[in-house]
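Down below is the structure, laid out as structure tokens.
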Amino acid sequence: MTDSLRLFFALPCPVSIAQAIVRWRTDQHLPGRPVPAENLHLTLAFLGAQPAERLSTLYQVAESVRSQPFEITLERLHCTPRGLLWLEPAQSPGALLQLADALRAGLTDVAIPFDSQAFRPHLTVFRDGAALPGAAPPAYRWLVDRFALYRSDSIPGGVRYRTLREWPLQ
Ligand code: ATP
Ligand code: MG
């Protein structure tokens, strides 16, 4: 039987920013299930279950993507109807949109399917949450200098992400 992996491309949240976000959200006493600090990320493309044999092709796609490092400011709090509470930029940097586009175009070229909903950059901080008035976050400035391919595994009580490979932006 072919092994299948649950995969996604994402920007790993730098530890210092993850720590600042965790400090802020702890102070807010917001309802919901906090996303573990080590799981904070910004998804670029969600691939879902893929045969392990596709990894080498995925690495080639990622390798072919070119982007300079860029800065993103997470400054808005948004709550979806399904209770995902996330941080997002007021304005998405062009370089971020180009990076996601390039990755998605590369996946399309090699006929690897991915979730094709329009890209809306966000970093989820709570699940089963609710927006509370007055919970305006500080603006988190993040210098994006890499992206990664993750595998996602269910573990008791949650999910664990593992970095399969990272690519620097340069
Ligand atoms: P769990 O599903 O166990 O609550 P999770 O959502 O963090 O945990 P995954 O479902 O493996 O873990 O998702 C990994 C990443 O991909 C998350 O950022 C998630 O929001 C995103 N994602 C998951 N499913 C989709 C989808 N159908 N379309 C777009 N993004 C998705
Ligand atoms: Mg999920």
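For the range 43-72, a tally of residues being within 28 Å of THR26 (Cα to Cα) and loosely packed, with under 15 Cβ neighbours inside 10 Å returns 1.
Within the range 151-168, no residue that is without any contact (Cβ under 8 Å) to a residue 60 or more places away in the chain and within 17 Å of GLY48 (Cα to Cα) sits with its Cβ atom under 8 Å from a residue that is more than 11 Å from ligand 1 (Cβ to nearest atom) and part of a strand (DSSP E or B) at 6+ positions apart or across chains.
Hey, among the residues in the range 1-32 that are touching a Ser or Thr at 6+ places or on another chain (Cβ under 6 Å) and surrounded by 19 or more Cβ atoms within 10 Å (Cβ to Cβ), which one's farthest from TRP86 (Cα to Cα)? Quick ask: steps written out before the conclusion?
Going through the range 1-32, the residues touching a Ser or Thr at 6+ places or on another chain (Cβ under 6 Å) turn out to be 6, 8, 10.
Next, from what is left, pick out any that are surrounded by 19 or more Cβ atoms within 10 Å (Cβ to Cβ): 8, 10.
On the way: PHE8: 18, ALA10: 15 Å.
Checking each candidate, the answer is PHE8.
For the range 108-128, filtering for residues that are more than 9 Å from ligand 1 (Cβ to nearest atom) and among the aromatic types (Phe, Trp, Tyr) leaves 2.
For the range 38-88, which positions are away from ligand 1 (no atom under 16 Å from the Cβ), within 16 Å of ALA20 (Cβ to Cβ) and outside any strand (DSSP E or B)? Residue satisfying the conditions is GLU75 alone.
Does ASP109 qualify as being of a type in the set (Asp, Glu), surrounded by 13 or more Cβ atoms within 10 Å (Cβ to Cβ) and within 21 Å of GLU63 (Cβ to Cβ)? Judged against the criteria, ASP109 is not a match.
Read-outs throughout are calculated quantities, based only on the coordinates presented, and are distinct from any laboratory measurement. In this text the structure is predicted, and so the values were computed from the model without any measurement. Quick reminder, even Gly has a Cβ in these numbers, built from the backbone with ideal geometry, and neighbours come from all protein chains shown.
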